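Encoded as structure tokens, the structure appears first; notes follow it.
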Amino acid sequence: MKHAKLKDFPDNFLWGASTSAYQVEGAWNEDGKGPSVIDMANHTEGVTDFKVTSDHYHHYKEDISLMAEMGFKTYRFSIAWTRIYPAGSGELNPKGIEFYNNLIDELIDKGIEPLVTMYHFDLPYTLQEKGGWSSRETVDAFENYARTLFENFGDRVKYWLTINEQNMMILHGDAIGTVDPNLENPKKELYQQNHHMLVAQAKAMNLCHQMLPGAKIGPAPNIANIYPASSSPEDMIAADNYAAIRNWLYLDMAVYGRYNTIAWNYMEEKGYIPVIQEGDMEILKSAKPDFIAFNYYTSQTVEASRDNGEEAGHTGDQQISVGEPGVYKGAKNPNLKVNEFGWEIDPAGFRTTFRQIYDRYQLPLIVTENGLGAFDKLEEGDIINDSYRIDYLRQHIEQIQLAITDGVEVFGYCPWSAIDLVSTHQGSSKRYGFIYVNRDEFDLKDLRRIRKQSFYWYKDVIATNGANL
Ligand code: BGP
């Protein structure tokens, strides 16, 4: 639909940006923090580990003041479960509570609304050793952890996100580093873990509503429009299959507490049906999110799988779908350009994604990730001319405005990432931030913070509530 006139971004629109604890904080074993699965995972060769990252743990005041300078209305960050409970449950670490108290106070002092992800890939390693999400104990541990977060931070945090990209942990956990290498039958086990995470999420949403009547909570999956590679009916079925198991499985569960039919049939056929304990479905049905947060980097395109086995054995990554024999096969979209890492760029697909989610659930939406990873260059005079990032973000913000004009309720935008940090599996040279962190892949240099070109651009976008793009 071509609109004659665009609607403005709503007043109080939450402009901000995102990070996650393990990718930005560093201080991986300081002040009582326990190890997470990410700390213990094998790292991709040639890229840095997560021990120091951007050292935000020691620079948070400086970083927040730069965010305030950009005019952030919100900041999305995650709490490291292992700072609060070093072993996942049991003994509480007061230093961890203190760190996030300080961070939250600092944000509030600067007029920035904290938007907290409770769990962003970094499961406590001690829980993993006891079976991780395969075990019901982890569901209890998450509920207990959630209670602790609500008790300690609920007086100041009004917006909560349960689990970051649960769908990517299930589909691309190998690339991210969250899959336990000792799993005997990983695919099947992952759907059991998925079920447990969904129950844990439902319990956390219910708890939040009981303990903090004024707060809002929602899921944060990665949702992407899925194109059929052609107009052939077989390709359309493949796109439908993939949408059911990549997108809607997660949101249908979060919102309606039911497995959608296509996803259920898929699990049945593949032998992935999880053990569902008595009472689980009631818990899942009883929990309701207040909004949906989603991460979007690009759309996906798939064609029918010819089931010749050639798709097996690859996992791709969060944005590169390889496929599954008999279900769908990842395809290139000839209409789209790709970034330096092979991820397609599809701003219009962003608008479609908004429309699809809103159509299906009618809940307010917030974007918790969207952005461009690139090899930025620090030039003389502390200049980083990341015009390509500005282009990417501008084109996506334009599509948000179109979605708003379409009637979609959108209340915030938090691109990835507020500041440079370490990528999930492609190191620190793949940068996303508005703020440059002066380090190389292995040389930590001085970790100095430098404003990129996009910093000044985004500042103006926020100051004009999206009028100046
Ligand atoms: C999302 C994750 C983030 C972030 C982002 C960019 O899947 O939620 O943690 O890393 O993708 O991905 P990458 O770091 O692989 O470039």
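The table for this structure:
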item: Pairs with Cβ under 9 Å, 6+ apart, first in the stretch 99-124 and farther than 20 Å from Tyr22 by Cα, second small (Gly, Ala, Ser) and within 16 Å of the ligand (Cβ to nearest atom); result: Ile112/Gly16; Glu113/Gly16
item: Meets criteria (within 16 Å of Pro274 (Cβ to Cβ), assigned to a helix (DSSP H, G or I) and touching a residue at least 24 places away in the same chain (Cβ under 8 Å)) for His195; result: yes
item: Leu444 touching a helix residue (DSSP H, G or I) at 6+ places or on another chain (Cβ under 7 Å) and aliphatic (A, V, I, L, M); result: no
item: Residue within the stretch 438-453 that is in contact (Cβ under 8 Å) with a residue 40 or more places away in the chain, under 24 Å from His56 (Cα atoms) and among the aromatic types (Phe, Trp, Tyr) present; result: yes
item: Test set (1) in contact with a helix residue (DSSP H, G or I) (Cβ under 9 Å, 6 or more places away or on another chain); (2) modelled with pLDDT of 95 or more; (3) surrounded by fewer than 21 Cβ atoms within 10 Å (Cβ to Cβ) - Gly214 fails condition number; result: (1)
item: Flag if His425 is over 30 Å from Ile38 (Cα atoms), buried (at least 17 other Cβ atoms within 10 Å of the Cβ), within 16 Å of the ligand (Cβ to nearest atom) and within 21 Å of the chain's Cα centre (by Cα); result: no
item: Qualifying residue in the stretch 382-391 (condition: within 19 Å of Tyr242 (Cβ to Cβ), of a type in the set (Phe, Trp, Tyr) and either assigned to a helix (DSSP H, G or I) or at pLDDT below 95 (or both)); result: no
item: Hits in the stretch 1-48 (condition: more than 15 Å from the ligand (Cβ to nearest atom), among the polar types (S, T, N, Q) and closer than 24 Å to Asn102 by Cβ); result: Asn29
item: Enumeration of residues in the stretch 356-383 that are surrounded by fewer than 17 Cβ atoms within 10 Å (Cβ to Cβ), over 23 Å from Trp343 (Cβ atoms) and free of Cβ contacts under 8 Å to residues at least 60 places away in the same chain; result: Asp359, Gln362, Glu379, Glu380, Gly381
item: Residue among Asp386, Asp391, Asp406, Asp420 that alone is over 23 Å from Asp122 (Cα atoms), of a type in the set (Asp, Glu) and surrounded by 22 or more Cβ atoms within 10 Å (Cβ to Cβ); result: Asp386
item: Any pair with Cβ under 8 angstrom, 6 or more apart, that starts in the stretch 314-334 at a residue that is closer than 18 Å to Gln166 by Cβ and ends at one that is within 16 Å of the ligand (Cβ to nearest atom) and assigned to a strand (DSSP E or B); result: Gln318/Asn222; Gln319/Gln300; Gln319/Glu344; Ser321/Gln300
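Yes or no, residue by residue, for (1) out of contact with any Leu (no Cβ under 9 Å at 6 or more places or on another chain); (2) of a type in the set (S, T, N, Q); (3) within 28 Å of Asp346 (Cα to Cα); (4) touching a residue at least 24 places away in the same chain (Cβ under 8 Å):
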| residue | (1), (2), (3), (4) |
| --- | --- |
| Gln210 | yes, yes, no, no |
| Gly218 | no, no, yes, yes |
| Asp235 | yes, no, yes, yes |
| Val255 | no, no, yes, yes |
| Asn260 | no, yes, yes, no |
| Tyr272 | no, no, no, yes |
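The values are calculated or read from the model by the stated rules, or taken from the named source; none is laboratory data. All values derive from a computational prediction rather than experimental measurement. With ideal geometry, Cβ positions are generated from the backbone for all residues, glycine too; neighbour counts draw on all protein chains shown.
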